[in-house]
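One structure below.
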Amino acid sequence: VSHEPSRTILYSKNLKQLLISTYTDEIKSFRSSGTGWQRTEFPDSLSIYADYMFEDNLQDLWICGRDQAVKVGIEEGEILDAETIPLPHASVDKTVGLAYGQEVYLTQNGEFYHYISFKKAFVKYDSLPGLKKHFASAGYLWFYDGHKWRTVDSKLQGSIKTEWLALFPDIRFLAPT
């Protein structure tokens, strides 16, 4: 698709485009044309440093950076608006997030944050143990608390046996099957 190095890649179901965050703090978009991927327009104003991108269940695209998240409203495949939400702290670690039902969560600097829409802010979420390592893959946020790997999704947590994963504290990708 592109020869340029990338930080993160997301196929946006709402935009029906492949979004690629580059090392030059640009977000490139591509649309499948049947014969390959064709470059499409993406607003320059949304090209920022992006550690991670994901979509919530309300047709919003979230772009996670070091000190801010951008919530991009999408309707019928078109970008309507964008809102920048400052994060509680700046981070040199990767900021990742996920949508769980109607809720949006981020993890940054070893802590979880929950998005409160009426405050338009992320607040610390204390209902989960502290994490030592974390990553997002296959639509799930995985974290290692020093004893075992867990995920926020309690249904998935109960349906697969994750106890043995503690033997591997340096996991970087999981995909439940």
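The values are calculated or read from the model by the stated rules, or taken from the named source; none is laboratory data. Nothing here was measured: the structure is a model prediction, and the numbers come from that model. When we count neighbours, we look across all protein chains shown, and the Cβ atoms used for this are built from the backbone with ideal geometry, even at glycine.
Worth a mention:
- Count of the stretch 61-97 residues which are surrounded by 20 or more Cβ atoms within 10 Å (Cβ to Cβ) and within 17 Å of L18 (Cα to Cα): 5
- Which numbered condition E76 misses (of (1) at pLDDT below 90; (2) more than 21 Å from K28 (Cα to Cα)): (2)
- Of the residues making up the stretch 8-64, those that are outside any strand (DSSP E or B), under 20 Å from G101 (Cβ atoms) and either among the acidic types (D, E) or in contact (Cβ under 8 Å) with a residue 60 or more places away in the chain (or both) are N14, D56.
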